[in-house]
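Every number in this text was worked out from the coordinates using simple rules, so none of it is lab data. Note that the structure is a prediction, hence the values are computed from the model and not measured. Note that we place each Cβ from the backbone using ideal geometry, even for glycine, and neighbour counts take in every protein chain shown.
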Amino acid sequence: MDLPGVEEGAGEDQKIIVRSNGTVTYVGKDIAYQMWKFGLLGRDFLYTRVDWGPEPPVYPLWGTTSKDGATDAPAFGRGETVYNVIDTRQSYLQRVVALGLRSLGHAAEAGRSIHFAYEMVALTPAAVAAMFPDHALSEEDAKKPYLEMSGRKGLGVRADDLVDALLVRAEAEVRRRNPDEDEERARETARRIAVGALRYYMLRFSRNRVVAFDLDDALAFEGETGPYLQYSVVRARNILAKLGERRGQQETDAVWLSSHADLNALSAEEVAGLWDIPLLLARTDAVLRQAVDSLELATVAKHAYVLAQAFNSFYHRSPVAKEDDVDARRVRAAVTRLYLDGMTHLLSLMGIEVPDRM
């Protein structure tokens, strides 16, 4: 395949797709795979359900198989737009793949082949020491901000291993804070915290920055972390629960509050101090659209963090359940309810579940 203008200085003007001995090169397979993703290949895989093992299935999971495929498998590989999530070092080959589609007469699909590039994921020296206790760190390595993963050096980390390491630490912290928690609930709480910590940490870095993963930093309950955001939602939920116990459940209901919370009953000064959270929530859809258009998901993580900070400031200066003034209480309850529902939805879009307690 000719490579007109794929990359100046690449040193290639052609790319081998099939070798003379009949074997297909990696880029040839990538082109075929990209065609399958768009439904252009004319061939399909067979699919079988993946067994989750002893754990209850989180969602239906399918894998490819060479025989005995399931007859009720959903349709895969017929995308309108394809995002290939692979690091920035593959940028040149991703352009070659798009050119392959164009050369085969699929110019529209080539234009909808989007490379979601990101910088490499590395480990901080502290994370290396925690996950690879037998790996001796030199003084020089210990001072570096991060260490690149290297199969040759034995520093490769599977996602499962990283989640397991986070689970162990999260469960220890949950049991420290809630020693009377039953085992099943403690484990589920730890799972949500660990997975939320990992997902938020991976999202908070912009695509042109190296992700230096640190276990302690990811699991911190303060700062720009998943647990901090989860804790803010748990706090909002607890505030409304106390309000419901003292004043009745209707005072926590979103529909009821929408017709009973009266801003006109408050002073202009107090009203001015309540707008941060509603205004930030009103911007959420625009932030999401910008993130999709720019492929910069870190803006969503940052928006969630700023929103959590605003709520943290709000509940410290504005009591809700303990407020005796009925007008102030209902308006503050409405803001709390707005935050609870809005942040829960925003976290769900990032794949982050909120525990019952933390």
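Details
- For the chain, the longest principal axis of the C-alpha atoms and the axis of helix 284-294 are separated by about 20°.
- Charge tally for VAL97 (other residues, Cβ to Cβ under 12 Å; Lys, Arg +1; Asp, Glu -1): +3.
- Potential lengthening of the chain between GLU184 and THR25 amounts to 52.4 nm, from the contour at 0.36 nm per residue minus the alpha-carbon distance.
- Averaging the sequence gap over all C-alpha pairs within less than 8 Å and six or more residues apart, then dividing by the number of residues, gives the chain a relative contact order of 14 percent.
- P(r) weight above 15 Å for region 215-274, C-alpha pairs, percent: 67
- Rounded to 10°, Cα long-axis angle of helix 183-204 versus longest principal axis of the chain: 60
- Calculated FRET efficiency for the pair ASN264/ASP160, C-beta based, R₀ 56 Å, to 0.05: 0.50
- Extended-chain gain in nm, criterion 0.36 nm per residue less alpha-carbon gap, ARG246 and LYS67: 58.3 nm
- C-alpha long axis of helix 326-349 to longest principal axis of the chain, angle in °: 10
- Between ASN312 and ASP285, the FRET efficiency estimated from the beta carbon spacing at R0 = 25 angstrom works out to 0.60.
- Using distinct alpha-carbon pairs, which all enter the 1/r mean, Kirkwood radius of region 209-356 in Å: 16.3
- Net charge of neighbours whose Cβ lies under 12 Å from the Cβ of LEU166, counting Lys and Arg as +1 and Asp and Glu as -1: -4
- Theoretical ellipticity at 222 nm over the chain - DSSP helices of four or more residues, -39500 (n - 2.57) apiece, nearest 500: -16000 deg cm²/dmol
- Computed across region 65-108, the Kirkwood hydrodynamic radius from all distinct Cα-Cα pairs reaches 13.4 Å.
- Most tightly packed first, judged by the mean number of other beta-carbon atoms within 10 Å of their residues, the peptides 137-145, 174-182 read 174-182, 137-145.
- Cα gyration tensor shape of region 32-179, rounded if a/c is under 1.5, else prolate or oblate by comparing a/b with b/c: oblate
- Pairwise FRET efficiency - HIS345 versus PHE221, Cβ, R0 = 25 Å, nearest 0.05: 0.70
- The calculated P(r) of region 98-174, using every Cα pair and 10 Å bins from 0, goes 15, 32, 19, 16, 15, 3 in percent.
- Modelled spin-label separation between TYR59 and ARG78, with each label point placed 7 Å from Cα along the Cα-to-Cβ direction: 2.0 nm.
- Net charge of neighbours whose Cβ lies under 13 Å from the Cβ of ARG49, counting Lys and Arg as +1 and Asp and Glu as -1: -3
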